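The values are calculated or read from the model by the stated rules, or taken from the named source; none is laboratory data. Just so it is clear, the model here is predicted, and its values are computed rather than measured. Positions of Cβ are backbone-derived with ideal geometry, glycine not excepted, and every protein chain shown enters the neighbour counts. Only protein heavy atoms, including side chains, enter the accessible area calculation; ligands, DNA and RNA are left aside. Shrake-Rupley method; radii C 1.70, N 1.55, O 1.52, S 1.80 Å.
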Amino acid sequence: MESYFLGRQPILDRNQNLVAYELLFRQEQTQETARVTDDLSASANVIVNAYGRFGIQNVLGQQRGFINADLDLIMSDIISLLPSKHVVLEVRVPEQITAEFLQQCNELKQKGYQFALDNIIAIDSKIEQLLPIVSVVKVDVLALETDELEKLVTALKRWPVLLLALKVESREQEIHCKQLGFQMFQGYYFAKPEVMTVKRADPGKPSLLKLLTLVTDNRDHDAIEKEFKRQPGLSYHLMRMVNSVAGDLPRKINSIKHAITLMGREQLQKWIQLLLYTSGSMEDGMHDLRMQSAVERGKMMELIAAAERPHDKNHHERAFIVGILSLLDELLGIEMQQIVNKLGISDDMYQALMTREGRLGQALKLLEADERGDHAAIQSILAGLGFLSPDEFTGIKLQASGWASQTGDVAN
């Protein structure tokens, strides 16, 4: 599979204004529904895609996302990766409701998480245990006769919950549900699920396992950062995840180390575990020539920055990020403008990637000229930079190529 997919279906209010999306597991671009054999795996894929591969702001905008959350997901540590302000945890009534499950739900509710009950067609004793916890009840209006629906709505109004009419397929159903007092609506009458897609550029499992070992063994940030540098796609996902979880950051992300610090070791460990859980058997990321080129570009940018400002570590780190990001539009099939908009990178990095301006931009132009074999442009840019001779540039290329080859060997 060369791409990742994520489904989303609009949830509307009584005036047909968009108020939320339900996020859906999808395996193909054209799927309207998906055959799910493992609920936890499907939900984990939705979370990884929404927060890491697409970016939650790009998926939801200012709306909330309803995410299917079975018992295993509710009881797992994965939930803590999801900011409560973004999600509604959509629960199907489990076969058995335990005291531990109710306690976990109540603790999550106290932390600001909201719950929705999914596909309700009647009220029984199990549902009555959950109604004090939930904020939204999704009623399958297509499965009920008129009198059954009216009785169910009357019974649900005893609780302070919002009613969502699920599977609305006609204007008549919408009008009837409005008359009964439903506040939200979802169904094919309004919109079928949209399938979003992004190209696959994942690390292999060996790299993820090594990274997880570094994190769990409490290695220092330098060792973890070094491993991230071997995987441009993973570095990009890290920064997308940090932006998704942290929201409006007071400072812009300038380096991989900065992103690691912002996420925190505990959350980073959970995220890597989630990536391992959702990753397939594809382990050939470093064999992709474009991925190898991105790694090599990053190292060359870092070495050029070090030659210009030997003691400015922050400048070196920003240069490395520019190098690996500079090919991700091709690797991921996403426009560069969209990539930089979602990452919150510093102004000089933005200018380098978008317009090739500034010192970082000139260095990137130098690498691109070298890749084209444009010797006149190389000489002109080197002269403009003023701190690097042709021989020194050749030495940097050899050093970066050796480093990228070593990282490729380690990753495989």
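Every condition in (1) surrounded by 14 or more Cβ atoms within 10 Å (Cβ to Cβ); (2) more than 30 Å from Leu6 (Cβ to Cβ); (3) of a type in the set (D, E, K, R) holds for Glu174 except the one numbered (2). The C-beta contact set for region 373-388 (first residue touching a residue at least 24 places away in the same chain (Cβ under 8 Å), second residue open to solvent by 80 Å² or more (accessible area, probe 1.4 Å) and assigned to a helix (DSSP H, G or I), distance under 9 angstrom, 6+ apart or interchain) comprises Leu385/Arg359.
Looking at region 274-291, which of the residues that are in a helix (DSSP H, G or I) and open to solvent by less than 40 Å² (accessible area, probe 1.4 Å) is modelled with the lowest pLDDT?
Step one: list which residues in region 274-291 are in a helix (DSSP H, G or I), which gives 274-278, 285-287, 289-291.
Right, trim to open to solvent by less than 40 Å² (accessible area, probe 1.4 Å) and you get 274-276, 278, 285-286, 291.
Values: Leu274: 74, Leu275: 75, Leu276: 67, Thr278: 67, Gly285: 42, Met286: 38, Met291: 70.
Residue satisfying both the conditions and the ranking: Met286.
Taken together, the criteria exclude Gly395 from residues that are part of a helix (DSSP H, G or I) and either crowded, with 18+ Cβ neighbours inside 10 Å or acidic (Asp, Glu) (or both).
Within region 105-121, the set of residues being of a type outside the set (Val, Ile, Thr) and open to solvent by 40 Å² or more (accessible area, probe 1.4 Å) comprises Asn106, Glu107, Lys109, Gln110, Lys111, Gln114, Asn119. Do the conditions hold for Val195, that is, is it in a strand (DSSP E or B), hydrophobic (A, V, I, L, M, F, W, C) and at pLDDT 70 or above? Criteria met by Val195. Scanning region 311-332 for residues that are in a helix (DSSP H, G or I) and among the hydrophobic types (A, V, I, L, M, F, W, C) yields Ala319, Phe320, Ile321, Val322, Ile324, Leu325, Leu328, Leu331, Leu332.
Taking (1) touching a Pro at 6+ places or on another chain (Cβ under 6 Å); (2) open to solvent by 40 Å² or more (accessible area, probe 1.4 Å) in turn, Ile324 satisfies each apart from (2).
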